[in-house]
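Colleague: Following this message is one structure expressed as structure tokens.
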Amino acid sequence: MSAPSADIQLARYSFQRKLDEIAAARGRATELISLYVSPGKQISDVMSYLRNEYAQSSNIKSRTTRKNVMWAIESLMGRVRGFKEPPKNGVAFFVGNKAIGADKSEPVTFIVEPPEPLNTYLYRCDSSFFLDPLLAMVHEPEMWGLIVMDRAEVTIGVLRGKRIEPLRNRQSLVPSKHGRGGQSAHRFERIIEHAAHEFFVKCGEMSNELFLPKKDVLKGILIGGPGATKEYFVKESYLHYELQQKIVQPLFDVGYTDEYGLRELVEKATQTLHGLDLTEEKRIIQQLLSEIRRAEKGLAAFGENDTAAALEAGAVETLLISEGLRRRRLTLKCAACGHVFKKVVPDDAVEPTTASPCPSCRAGPLSVTDNEDYVEGLFRRAQESGAGIRLISAESEEGEMLAKAFGGVAAILRYPMATRNPTPRSAPPG
Ligand SMILES: [Zn+2]
């Protein structure tokens, strides 16, 4: 099973990060407005709804709250008007005055085009932004393909979160192998095998038609059935090669090949499904650790600086990033000596950083000339150098080690990097 593409992992990361930011905003009163516009909605209807809300809000008693809510709706109308029609998946707006410390607030506006279609049209004014419909997309973004089959029947479906959707069912015309004998047995056998082959081709075609358009979001394909047919179907590659790669091993023995069989398949696979991702993550971190432990020529780098150097050199095979990493990468310039350097800082440490003096001349004040999201920057640089990328969750012990002991970034290398320290490296932390 292969990891999702870098683009998909990056999109997921950026989406999650944006939601974190929106979720952190608090209003000083009920004055933060969330507006979800589903794909089929008429913009003119949304506008007239907002005009009505605007009129209503003039009744709000508190002067400050009234002013803030009216500003937010007005600003929202300006944004909504910018759309001729909702985007493909709909759009969510979050507008309001966010509290920033004692008695202060600042206006914020977030516009989110979700990765999946919104089926909600909703307006809400509260002291925090309403994110449930978007959070649901983060937590269940993945899909599994399901096939249960034998020579007589196939049922194809998908598992989305915990929901099983049967998509297609077909009976075959393959005659039963039993109950025939005598002279015609051999010829009959050939007819059966030909009919079975035709049926498997059909099963493959139906699966390709259903799964290929979803191949980027399909985490894997689970295949089950009562006998050896499923093994034959997989071994003979009746699926498109891109789907063939997504088949989860082992195949599962289930008693039925109808909708009930899909349920049985999911039940049997649940244990495996739960473990699959973590197992893959454990494996790759274990590989990293054994490379780090090698006294010489280990194919590993860890921590910000070494990983950055390896990326720069184009030496990274797979970049490993801890999922929860939230940092910024600043480019700082000294006003006195002109020294330019990059520094990775925690999310909220931008201003304290510019307050410290220039590390080169120890005098000049620093200013930020560039400020990028650290993880997005890593993705970009990894893609430029052709490196693979894996976001690693902190759910396993290994994932936690990456997050805590290695500063959240490490890399498996294509070739060993010259270490700055020529003596063999000591054992890694942990
Ligand atoms: Zn300086």
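Taken together, the values in this text are just the output of simple stated rules run on the coordinates, not laboratory data. Keep in mind that this is a model prediction, so the values were computed, not measured. Virtual Cβ from ideal backbone geometry, glycine too; neighbours counted across all protein chains shown.
Colleague: In a GNM of the chain with a 10 Å cut-off on Cα contacts, which of P133, P86, P357 has the highest mean-square fluctuation?
Modeller: Looking only at P133, P86, P357, the largest GNM fluctuation is found for P357.
Colleague: OK, next. Pick out, in residue order, every one of the GluC sites (Glu not before Pro) in segment 194-279 that is DSSP loop and has at most 16 other C-beta atoms within 10 Å; say none if there are none.
Modeller: E236
Colleague: Take the alpha-carbon centre of segment 290-305, take the same for segment 25-94, and report the distance between them in whole Å.
Modeller: 52 Å
Colleague: On a straight-distance basis, which lysines could pair with K235 in a cross-link, Cα separation under 26 angstrom, same-chain partners fewer than 8 positions away excluded?
Modeller: Within reach: K177, K202, K214, K215, K219, K246, K268.
Colleague: Fewest Cβ neighbours within 10 Å first, please rank K88, K282 accordingly.
Modeller: Lowest count first: K88, K282.
Colleague: Dipole magnitude of the chain about its Cα centre, charges +1 at Lys/Arg Cβ and -1 at Asp/Glu Cβ only, in debye to the nearest 20?
Modeller: 780 debye
Colleague: Which Cys residues of the chain have no other Cys Cβ less than 4.7 Å away and so no disulfide-compatible partner by this rule?
Modeller: Those would be C125, C203, since no other cysteine Cβ in the chain comes under 4.7 Å of theirs.
Colleague: Still on this structure, I have one more. Using +1 at the C-beta of Lys and Arg and -1 at the C-beta of Asp and Glu, which of G255, I389, Q286 has the Cα lying farthest in the positive direction of the dipole of the chain?
Modeller: I389
Colleague: Please list, in chain and number order, the residues 5+ apart from K219 or on another chain whose amide H is under 5 Å from its amide H, with Hs placed from the backbone.
Modeller: Residues meeting the amide H criterion: M143, W144, G145.
Colleague: Near the amide H of G27, under 5 Å away, which other amide H atoms are found, from residues 5 or more places off or on another chain, if H is placed in the peptide plane?
Modeller: Close amide H contacts, sequence-distant or interchain: A99, S128.
Colleague: Next up: Rank G399, G225, G364 by mean-square fluctuation in a GNM of the chain with C-alpha springs under 10 angstrom and give only the top-ranked residue.
Modeller: Result for the chain, Cα springs under 10 Å: G364 fluctuates most.
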